[in-house]
Amino acid sequence: MFPLRDDNPTEIFPVVTLLLIAASAWAWWYLQGAGFSAEALGSSICALGAIPAEVTGVFDPEAATAGPCRLGGLTWQTLFTSMFLHGSWMHLIGNLWFLWIFGNNVEDSMGHLRFVVFYLLAGLVAALAHVLTDPGSAVPMVGASGAISGIMGAYLVLYPRARIHTLFFFIIFFRVVPIPAFVMLGYWMLIQVASSAATPAGGGGVAYMAHIGGFVAGLLLIFVFRNPKLVNAKRSGVKLARHELDHGGWW
């Protein structure tokens, strides 16, 4: 299952969503060499990725040289910087696609400034969920998927019945089917939980607990960060006056 678009038009221009996409694309190109330089990619991930052992300080001294990165660099700051780094083109494109599909509507229901804070907090909770699951790991975590999982959790609360045009594919069978958001996002969350349960601690290349932590954070934080005026107007189909929309759009 892969979401292609939703039937959920926005009222305000998603400036923050686009800036977050641009920031991740810039980091991939400028800091990580767009994946064309193994040295730039590896050094950026080691320097700015979130390494649980560095954040917690819980690691065997031998892990400082045995792991893929030399430990002892930035600590808590990497919980934020890691959100803007990626490990491959597919990792980047997949994350930014999900960010666009779901982020513009969540921003539309919060306003720009609230959405910035929400995104960073969801990403922080997601990173901490991963760190606390395997506090001694020397393997760096990168990617926006934790914060985007928070956006998906918020979208589920706000628009559970919005239609998501989803691509289903199985070997050579392809079909696009519009399904309710609660089905698509519920299925996605179920996959994360099942995959996390099936993956041994420290194993695998996907931070499933970051996805789960971010999603739960989004489910809860949306009640704090949503803008009631924007949400009610969107749900009722009432068009806000231009000055109300401009004011509500920022906070």
### Query
Mind checking which residues of the range 106-151 are under 14 Å from Val15 (Cβ atoms) and not charged (D, E, K, R)?
Val106, Met110, Gly111, His112, Leu113, Phe115, Val116, Tyr119
### Query
Which of the residues spanning the range 30-45 are surrounded by 20 or more Cβ atoms within 10 Å (Cβ to Cβ) and either within 17 Å of the chain's Cα centre (by Cα) or of a type in the set (A, V, I, L, M, F, W, C) (or both)?
Leu41, Ile45
### Summary
If we keep only residues of the range 1-54 that are of a type in the set (Val, Ile, Thr) and at pLDDT 95 or above, then the residue farthest from Trp188 (Cα to Cα) is Val15
### Message
Just the residues that are in contact with a helix residue (DSSP H, G or I) (Cβ under 7 Å, 6 or more places away or on another chain), of a type in the set (A, V, I, L, M, F, W, C) and within 30 Å of Phe174 (Cα to Cα), please, taken from the range 1-24.
### Response
Met1, Ile21
### Task
Please name all residue pairs, on different chains or six or more residues apart, with Cβ atoms under 8 Å, provided the first residue is in the range 14-29 and is surrounded by fewer than 16 Cβ atoms within 10 Å (Cβ to Cβ) and the second residue is of a type outside the set (D, E, K, R).
Val15/His112; Ala23/Phe84
### Sole exception among (1) of a type outside the set (Asp, Glu); (2) part of a helix (DSSP H, G or I); (3) in contact with a Gly (Cβ under 6 Å, 6 or more places away or on another chain); (4) surrounded by fewer than 24 Cβ atoms within 10 Å (Cβ to Cβ) for Leu113, by number
(3)
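Would you point out which residue out of Ala122, Ala127, Ala154 is touching a residue at least 40 places away in the same chain (Cβ under 8 Å), farther than 16 Å from Leu99 by Cα and surrounded by 24 or more Cβ atoms within 10 Å (Cβ to Cβ)?
Ala127
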### Summary
Those residues of the range 130-143 which are part of a helix (DSSP H, G or I) and surrounded by fewer than 24 Cβ atoms within 10 Å (Cβ to Cβ) amount to Leu132, Thr133
### Query
Looking at Ser137, Ser149, Ser109, Ser145, which one is closer than 17 Å to Ala23 by Cα, of a type in the set (Gly, Ala, Ser) and in contact (Cβ under 8 Å) with a residue 12 or more places away in the chain?
Ser145
### Message
Here is a check on your reading of the model: is Phe215 touching a Gly at 6+ places or on another chain (Cβ under 9 Å) and of a type in the set (Phe, Trp, Tyr)?
### Response
yes
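Out of Arg242, Arg235, report the one residue that is among the charged types (D, E, K, R), modelled with pLDDT under 95 and closer than 30 Å to Gln192 by Cα. Quick ask: steps written out before the conclusion?
Working: Arg242 fails: closer than 30 Å to Gln192 by Cα.
Every option except Arg235 fails the conditions.
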### Task
Return yes when Leu85 is modelled with pLDDT of 90 or more and of a type in the set (A, V, I, L, M) and no when it is not.
yes
### Summary
The number of residues in the range 193-219 that are assigned to a helix (DSSP H, G or I) and free of Cβ contacts under 8 Å to residues at least 24 places away in the same chain is 7
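If I filter the range 144-183 down to residues being in a helix (DSSP H, G or I) and small (Gly, Ala, Ser), which single residue comes out as nearest to Phe223 (Cα to Cα)?
Ala154
The values are calculated or read from the model by the stated rules, or taken from the named source; none is laboratory data. Since the structure is predicted, the reported quantities are computational estimates derived from the model, not experimental observations. Using ideal geometry, Cβ is built from the backbone for each residue, glycine included, and neighbour counts are taken over all protein chains shown.
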